[in-house]
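Bear in mind these aren't lab numbers, they're just calculated from the coordinates by the rules spelled out. Treat the numbers as computed from the prediction; the structure is a model and nothing was measured. Neighbour counts are summed over all protein chains in view; Cβ atoms, including those assigned to glycine, are modelled from backbone coordinates with ideal geometry.
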């Protein structure tokens, strides 16, 4: 069972979920979804409170676009006919409104709806379109939110629909997977408008009576090398010896590691990728301070430039 509750800064409920509701008082705004393992239920008042926040839909046909870049043989997909043929080869059920090639060798595909767009992102294999990278258009004004604790039996399409029906507009909902095993995990990545992200961050989402953790993507990111597990550089530039991210041992095949957890950076009893690592938090605080200071300098500079230009 999944519920969404939300309050604004003054404590006024925006998405009110009643504790008890008589069977003969089914709200017209109720949405229900039942999967094999989880019952998903979002309740939204049919008549919002007088002071409640209303978010108008900012989504349009431009949000049903899939961009494919870094195509090895872009001339092969220079015509709409060839692009549609490639789509039909892998996703014949997807309805495409129109498709065309881009100036720098990429491809843009406009689907009829978001369901078709998400199917392309999820089902187009890596070798399709000359091994090109499939992604959404780069939105300048969007926030990324992580919802942790959503069981894997809940599809991204149904979760997206439930959020939209609850007044939370989204650009994209994707389920994350384990980097090593490739298996889906209980974390959903939601891209939405800044207005919707503020509502989502104040919401309470319940799955089978368990409250999900809702976090905004951190602007400051600590880079960890996937080869030696040290902080501060990428694996493609690493010249150090490979270390296991789980036990810190000098061996390959992290997926089958059964050793005791050991951190490369602090020798603690946790994997090197753990967010509980003290050196990780020390580095994060240092980077966050630098980011905050750079933002302050940038804002002061912009104000000074505006004043001197008058």
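Each of 168, 115, 214 has some number of other Cβ atoms within 10 Å of its Cβ, and from fewest to most they run 115, 214, 168. Average projection, convex hull of the Cα set of the range 63-135: 4.0 square nanometres. Neighbour counting of Cβ atoms within 10 Å sorts the residues 98, 171, fewest neighbours leading, into 98, 171. The order of 142, 197, 101, going from fewest to most other C-beta atoms within 10 Å of their C-beta, is 142, 101, 197.
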